[in-house]
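S.K.: Structure below; questions to follow.
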Amino acid sequence: MEDNIYIIVAQTGTNVAKAIKFFTKKPYNHVSVSGDIELSKMYSFCRTYRYVPLPATFNEEIIGEGTLGLFSNIPCEIYQIHVSHEQKKHFENLIKNFYTFRNSYSYNILGLFAIYLNISWNRKSHFLCSQFVAHVFSEIGINLEKNPCLYTPEDFRHLSDAQLIYKGELNDWQRYNKRKYFQYSGNSSYTLN
């Protein structure tokens, strides 16, 4: 039996996000993962409080709330990745574990520099958003092309098993998806009417 996990790469618009975009020259600087197509709950390593970048740790993200509620325009791409039923259950258990022990984790600030310098450095209980998603994928058996600690949001746009299903504004995804105003296009992605 086949199931799906969803990858959300986005440009949030915070000052930190703008600084990262300046250095990376990439369109997106944040990545989250979700177990449902509605994206009712997304998971990532990000700021805990809406207006300040630190502290940051494992957090549940909800479209229109927290940092995602600060901006009316959040460009994003959403990818679907097929997984087995067992992989999906393992994913759900990992998320529960991260949630239960979220106070044991920290944002990997030093990892920003390590990735920039292409240094593979695994720090126990420290993750960037991209390292967290790569770690989860590695744990559930999704093949990765490099060490999870070297993953960036850009890398998730190029996963061989990931299918682009939406490109647009993040706030529109949930509104249109709930109302079923999608029209399937011939290029295997959804477009808004």
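The values are calculated or read from the model by the stated rules, or taken from the named source; none is laboratory data. These figures come from a predicted structure and were not determined experimentally. As a convention, Cβ positions derive from the backbone with ideal geometry for all residues, glycine included, and neighbour counts pool all protein chains shown. Heavy atoms of the whole protein, side chains included, go into the accessibility calculation; ligands, DNA and RNA do not. Shrake-Rupley method; radii C 1.70, N 1.55, O 1.52, S 1.80 Å.
S.K.: Out of all the residues in the stretch 123-162, which are free of Cβ contacts under 8 Å to residues at least 40 places away in the same chain, open to solvent by 10 Å² or more (accessible area, probe 1.4 Å) and in a loop (DSSP other than H, G, I, E, B)?
M.R.: Those that are free of Cβ contacts under 8 Å to residues at least 40 places away in the same chain, open to solvent by 10 Å² or more (accessible area, probe 1.4 Å) and in a loop (DSSP other than H, G, I, E, B): 123, 124, 125, 143, 144, 145, 146, 147, 158, 160.
S.K.: When you scan the stretch 1-77 for strands (runs of 3 or more DSSP E) that lie fully inside it, which ones turn up with 3 or more residues that are among the hydrophobic types (A, V, I, L, M, F, W, C)? Walk me through it before giving the result.
M.R.: Details: elements: 2-10, 30-34, 42-49, 52-61.
It comes to 2-10, 42-49, 52-61.
S.K.: Cβ contacts < 8 Å: first residue polar (S, T, N, Q), restricted to the stretch 4-27; second residue modelled with pLDDT of 90 or more and open to solvent by 80 Å² or more (accessible area, probe 1.4 Å), any location; separation 6+ or different chain. Result?
M.R.: Correct list of pairs: 4/82; 11/21.
S.K.: Okay, next question. Are any residues in the stretch 1-42 of a type outside the set (Lys, Arg), surrounded by fewer than 18 Cβ atoms within 10 Å (Cβ to Cβ) and closer than 18 Å to residue 155 by Cα, and if so, which ones?
M.R.: 22, 23, 24, 27
S.K.: Still on this model: Hey, can you tell me all the residues within the stretch 4-25 that are more than 14 Å from the chain's Cα centre (by Cα) and modelled with pLDDT of 95 or more?
M.R.: Result: 4, single match.
S.K.: For residues that are of a type in the set (D, E, K, R) and modelled with pLDDT of 90 or more, scanning just the stretch 48-79, find the one that is nearest to residue 10 (Cα to Cα).
M.R.: Here is the first cut: in the stretch 48-79, the residues of a type in the set (D, E, K, R) are 50, 60-61, 65, 77.
If we keep only those that are modelled with pLDDT of 90 or more as well, we get 60-61, 65, 77.
On the way: 60: 15, 61: 12, 65: 15, 77: 7 Å.
Of everything passing the filter in the stretch 48-79, 77 is nearest to residue 10 (Cα to Cα).
S.K.: Also, I was wondering about something else. Go through the stretch 78-94 and give me each residue that's open to solvent by 20 Å² or more (accessible area, probe 1.4 Å) and in a strand (DSSP E or B).
M.R.: Matches in the stretch 78-94: 80, 82, 84.
S.K.: Within the stretch 163-178, which residues are of a type in the set (S, T, N, Q), under 20 Å from residue 82 (Cα atoms) and open to solvent by less than 40 Å² (accessible area, probe 1.4 Å)? Talk me through it step by step, then tell me what you get.
M.R.: Start the filter on the stretch 163-178 by keeping residues that are of a type in the set (S, T, N, Q), which leaves 163, 171, 174, 177.
When the remaining residues are screened for being under 20 Å from residue 82 (Cα atoms), the result is 163, 177.
Residue satisfying the conditions is 177 alone.
S.K.: Let me ask something additional. Between a first residue in the stretch 38-52 that is in contact (Cβ under 8 Å) with a residue 24 or more places away in the chain and a second residue that is part of a loop (DSSP other than H, G, I, E, B), which pairs have beta carbons less than 7 Å apart while being 6 or more apart in sequence or on different chains?
M.R.: Matching pairs, first to second residue: 39/63; 45/128.
S.K.: Regarding the stretch 50-63, can at least one residue be identified that is in contact with a strand residue (DSSP E or B) (Cβ under 8 Å, 6 or more places away or on another chain) and basic (Lys, Arg)? Can you show your working first?
M.R.: Step one: list which residues in the stretch 50-63 are in contact with a strand residue (DSSP E or B) (Cβ under 8 Å, 6 or more places away or on another chain), which gives 53-63.
From what's left, basic (Lys, Arg): none.
Scanning the stretch 50-63 turns up no residue that is in contact with a strand residue (DSSP E or B) (Cβ under 8 Å, 6 or more places away or on another chain) and basic (Lys, Arg).
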